[in-house]
Amino acid sequence: MIESLNGIFETVNYKQSTSLKLYNNDEYEDYPPHWHTTMEIIMPTENIYTVECGNQTHILRENDIILICPCCIHTLYAPRTGRRIIFQPNTASLRFMKDIEPLLNILSPLILITPEDFPTIHGRIRELLIEIKEEYLSVASSFSEVMIYSKLLEIITLIGRNHASRAESGSAIIGQQKEYMEKFLNICDYIEAHCSEDLNLDDIANMCGFSKFYFSRLFKQFTNISFYKYVNQKRITKATELLIDPKNSITDVALNCGFSSLSSFIRMFKIIKGCTPTDFRNMYCS
């Protein structure tokens, strides 16, 4: 199924004249650790399917849905028989919408959507994936790519609103949800643009008008991770882009991504990516 693999980097060969790739996959084949710049959504329709990402193994049952964010290394294991939808849309063109980037970071590295954990949205997302498959495989359908992206956006919106409602329920921000949501979306945009700078928790909290303790609690409710972990994830994402170019030394990459020392950069890179910057570059270039 992986058509173009360079080291562990997969170049996704999109359907002609689109930024989409979908497999109605029934191959008895395991796929080694790899990553790509596209999102990947997998749903078994017959039998199970196993996904490893980071240090976690996820065994997907029929109709369980996993969404793997761009640039996350993962491994796939197939049973002897079965079928699954594997959908790889390029989300780069969607990032002009300010809600997309923060949401992908909230979901990173992946989200597993099951009927038990997501009873209000699982059924609709399953329907949308089947509709995407049918639209993708149709021979002569006008505006097919537009239709598929509209369904993808509905999937992302359902997940985002579900996350927001969970964060808001039981928190102290009821009645101010919309105002706070806008603040944190703007903060995520700011971190994205300034992650290579010295971002201080007190300063960012002041931008919102909160104490650092209250800000830290709300930020974690919104993103599922701490402020500094979020900042480091953005820095490491930027670093992976720079490491691909062999002309950039690892020391320069560390300094250009906001790390005060090479050792702190290597340590954080290994925590987030599971390998050193040198290993990552070697795997990409091998």
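The values are calculated or read from the model by the stated rules, or taken from the named source; none is laboratory data. All values reported here derive from a predicted model rather than from experimental measurement. Because the Cβ atoms are built from the backbone with ideal geometry, glycine has one as well, and the counts that use them run over all protein chains shown.
The residues in segment 48-96 that are crowded, with 19+ Cβ neighbours inside 10 Å and among the polar types (S, T, N, Q) can be counted, and the count is 2. Just to be sure before I move on: is Ile66 touching a Leu at 6+ places or on another chain (Cβ under 9 Å) and modelled with pLDDT of 95 or more in the structure I sent? Yes: the conditions hold for Ile66. Considering only residues in segment 172-196 that are part of a loop (DSSP other than H, G, I, E, B) and surrounded by 11 or more Cβ atoms within 10 Å (Cβ to Cβ), the one that is modelled with the lowest pLDDT turns out to be Ile173.
Residue-level check: of (1) at pLDDT below 90; (2) within 24 Å of Cys69 (Cα to Cα), Arg217 misses just (2).
Ser108 meets the conditions (1) surrounded by 20 or more Cβ atoms within 10 Å (Cβ to Cβ); (2) in contact with a strand residue (DSSP E or B) (Cβ under 8 Å, 6 or more places away or on another chain); (3) of a type in the set (S, T, N, Q) in every case but one. The failed one is (2). Please specify each residue of segment 201-218 satisfying the condition of being polar (S, T, N, Q) and either more than 28 Å from the chain's Cα centre (by Cα) or exposed (fewer than 13 other Cβ atoms within 10 Å of the Cβ) (or both). Asn206, Ser211, listed by residue number. If we scan segment 14-31, do we find a residue that is more than 17 Å from Pro70 (Cβ to Cβ) and among the small types (Gly, Ala, Ser)? Checked segment 14-31: at least one residue is more than 17 Å from Pro70 (Cβ to Cβ) and among the small types (Gly, Ala, Ser). For segment 136-166, filtering for residues that are outside any helix (DSSP H, G or I) and either in contact (Cβ under 8 Å) with a residue 24 or more places away in the chain or surrounded by 13 or more Cβ atoms within 10 Å (Cβ to Cβ) (or both) leaves 1. Inspect segment 13-25 for any residue being assigned to a strand (DSSP E or B) and either free of Cβ contacts under 8 Å to residues at least 24 places away in the same chain or among the β-branched types (Val, Ile, Thr) (or both) and give the result as yes or no. The answer is no; no qualifying residue exists.
In this structure, Ile73 does not qualify as among the β-branched types (Val, Ile, Thr), under 12 Å from the mean Cα position of the chain (by Cα) and within 30 Å of Asn186 (Cβ to Cβ). Taken across segment 10-17, residues that are touching a Ser or Thr at 6+ places or on another chain (Cβ under 7 Å), at pLDDT below 90 and under 28 Å from Glu241 (Cβ atoms) do occur, with at least one present.
Could you say whether any residue in segment 260-283 is over 18 Å from the mean Cα position of the chain (by Cα), farther than 26 Å from Asn55 by Cα and either at pLDDT 90 or above or not assigned by TED's automatic domain parsing to the domain that holds His74 (or both)? Yes, segment 260-283 contains at least one residue that is over 18 Å from the mean Cα position of the chain (by Cα), farther than 26 Å from Asn55 by Cα and either at pLDDT 90 or above or not assigned by TED's automatic domain parsing to the domain that holds His74 (or both). Quick check on my filter: what residues within segment 235-270 are in a helix (DSSP H, G or I) and over 20 Å from Asp198 (Cβ atoms)? Hits for segment 235-270 are Thr240, Glu241, Leu243, Ile250, Lys270.
Can you tell me which residues in segment 197-225 are free of Cβ contacts under 8 Å to residues at least 60 places away in the same chain, outside any helix (DSSP H, G or I) and more than 25 Å from Phe280 (Cα to Cα)? Once the filter is applied, which keeps residues that are free of Cβ contacts under 8 Å to residues at least 60 places away in the same chain, outside any helix (DSSP H, G or I) and more than 25 Å from Phe280 (Cα to Cα), segment 197-225 yields Leu199, Asn200, Gly209, Phe210, Ser211. Determine whether segment 126-135 contains at least one residue that is among the aliphatic types (A, V, I, L, M), more than 18 Å from Asn24 (Cα to Cα) and assigned to a helix (DSSP H, G or I). Among the residues of segment 126-135, not one is among the aliphatic types (A, V, I, L, M), more than 18 Å from Asn24 (Cα to Cα) and assigned to a helix (DSSP H, G or I), which makes the answer no.
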